[in-house]
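Asks: Shown below is the structure under consideration.
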Amino acid sequence: MKKYTNTGNKDTRSGFGDGLAELGRTNENVVALCADLTGSLKMDEFKANYPERFFQTGIAEANMIGIASGMTIGGKIPFTGTFANFSTGRVYDQIRQSVAYSEKNVKICASHAGLTLGEDGATHQILEDIGLMKMLPGMTVINTCDYNQTKAATIAIAEHVGPVYLRFGRPKVANFTTADQKFEIGKAVNLTEGKDVTIIATGHLVWEALIAAEQLEEKGISAEVINIHTIKPLDEAAILASVKKTGCVVTAEEHNFLGGLGESVARTLTLNHPTPQEFVATNDTFGESGTPEELMEKYGLNADAIVKASEKVIKRK
């Protein structure tokens, strides 16, 4: 099995900040808007270097989305930044009407997603955002796994015409993808080859899936790990090719099992190739306060949970 090396833990929000700063240098149409969380979103460098293209809207997320939508009419490419909860749940009507329905070229960039927001608790954590955003017609939904991939995705979505939801996080996590990667929207990345079980993971759970694959290998189980960074449009061809080989699948995500990646995969399988599937995700619940590590352990979002789900689904073949 191919091994991956963690080159050092880095937060994915910094990947967004560095990608945005690079876009500032290379694309004069890129503008940035933030709802009073410039430091948390790592937008400081863009603000410092391109103040005429940075707009601080204050704690007024709905206005931020409306302003961003208007900017696209003049040919600008607006990147909005705030916490995932405020980027989606708080402003869903504005996104639906002013961005998605109007087909505006707005990039909605959301940090502090999922349980790993940690100590801020359930009111700031969001585990429903992928479901909310993927249901909007024309919305592209991306959930990156590490610093390098987040930076690459940030740069790539500027070239994509149409609304995008880019989801990333606060904690420092393993940085294991290549710095010079080419990010292709809608194209899954096959990380390891396997024959016994397919593990399809997104976001912070991708690294956990690789750890799980190593643990399964020690038990004589060959796992194929696929990084689904784009949940919509979904790379159905890659999913189907893998499950036709392995005969079973585990999906892993830092999100409610209702409405997330797992359901998108299940729909694909139901329509094309019914296959036993197990879900590693939160079970229709809100989060709570705690360290990211404690919460991921309590809610079963780690390598151990993926191993158990893999062993369970193999028995269902």
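The values are calculated or read from the model by the stated rules, or taken from the named source; none is laboratory data. These numbers were taken from a predicted model, which means no experiment stands behind them. Reconstructed Cβ throughout: ideal geometry from the backbone, glycine too, with neighbour counts over all protein chains shown.
Asks: Looking at region 146-163, can you tell me whether even one residue there is farther than 23 Å from E297 by Cα, among the polar types (S, T, N, Q) and in a loop (DSSP other than H, G, I, E, B)?
Replies: Looking only at region 146-163, we keep the residues that are farther than 23 Å from E297 by Cα, and these are 148-163.
Filter again for among the polar types (S, T, N, Q), leaving 148-150, 154.
Okay, now just the ones that are also in a loop (DSSP other than H, G, I, E, B), so none.
There is no residue in region 146-163 that is farther than 23 Å from E297 by Cα, among the polar types (S, T, N, Q) and in a loop (DSSP other than H, G, I, E, B).
Asks: Still on this structure: Report whether or not I59 is among the β-branched types (V, I, T), in contact with a strand residue (DSSP E or B) (Cβ under 6 Å, 6 or more places away or on another chain), surrounded by fewer than 24 Cβ atoms within 10 Å (Cβ to Cβ) and within 29 Å of E254 (Cβ to Cβ). Even if it seems obvious, please write down each step before you answer.
Replies: Details: among the β-branched types (V, I, T): yes; in contact with a strand residue (DSSP E or B) (Cβ under 6 Å, 6 or more places away or on another chain): no; surrounded by fewer than 24 Cβ atoms within 10 Å (Cβ to Cβ): yes; within 29 Å of E254 (Cβ to Cβ): yes.
In short, no.
Asks: Yes or no: region 100-118 includes at least one residue that is more than 16 Å from the chain's Cα centre (by Cα), surrounded by fewer than 17 Cβ atoms within 10 Å (Cβ to Cβ) and in contact (Cβ under 8 Å) with a residue 60 or more places away in the chain. Walk me through how you get there before you give the answer.
Replies: Just the residues of region 100-118 that are more than 16 Å from the chain's Cα centre (by Cα), to begin with: 100-106, 118.
Subsequent filtering for residues that are surrounded by fewer than 17 Cβ atoms within 10 Å (Cβ to Cβ) retains 101-103.
Pick out the ones that are also in contact (Cβ under 8 Å) with a residue 60 or more places away in the chain and you get 103.
Checking region 100-118: at least one residue is more than 16 Å from the chain's Cα centre (by Cα), surrounded by fewer than 17 Cβ atoms within 10 Å (Cβ to Cβ) and in contact (Cβ under 8 Å) with a residue 60 or more places away in the chain.
Yes/no matrix, rows are residues, columns are (1) touching a Cys at 6+ places or on another chain (Cβ under 8 Å); (2) at pLDDT 95 or above; (3) of a type outside the set (A, V, I, L, M, F, W, C):
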{"site": "I95", "(1), (2), (3)": "no, yes, no"}
{"site": "S111", "(1), (2), (3)": "no, yes, yes"}
{"site": "D120", "(1), (2), (3)": "no, no, yes"}
{"site": "L132", "(1), (2), (3)": "no, yes, no"}
{"site": "M139", "(1), (2), (3)": "no, yes, no"}
{"site": "C145", "(1), (2), (3)": "no, yes, no"}
{"site": "T154", "(1), (2), (3)": "yes, yes, yes"}
{"site": "E159", "(1), (2), (3)": "no, yes, yes"}
{"site": "Q181", "(1), (2), (3)": "no, yes, yes"}
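Asks: If we scan region 133-141, do we find a residue that is closer than 25 Å to N27 by Cα, assigned by TED's automatic domain parsing to the domain that holds T82 and not hydrophobic (A, V, I, L, M, F, W, C)?
Replies: Step one: of region 133-141, the residues closer than 25 Å to N27 by Cα are 138-141.
Narrowing the set further to residues that are assigned by TED's automatic domain parsing to the domain that holds T82 leaves 138-141.
Still in the running and not hydrophobic (A, V, I, L, M, F, W, C): 138, 140.
Yes, the conditions are met somewhere in region 133-141.
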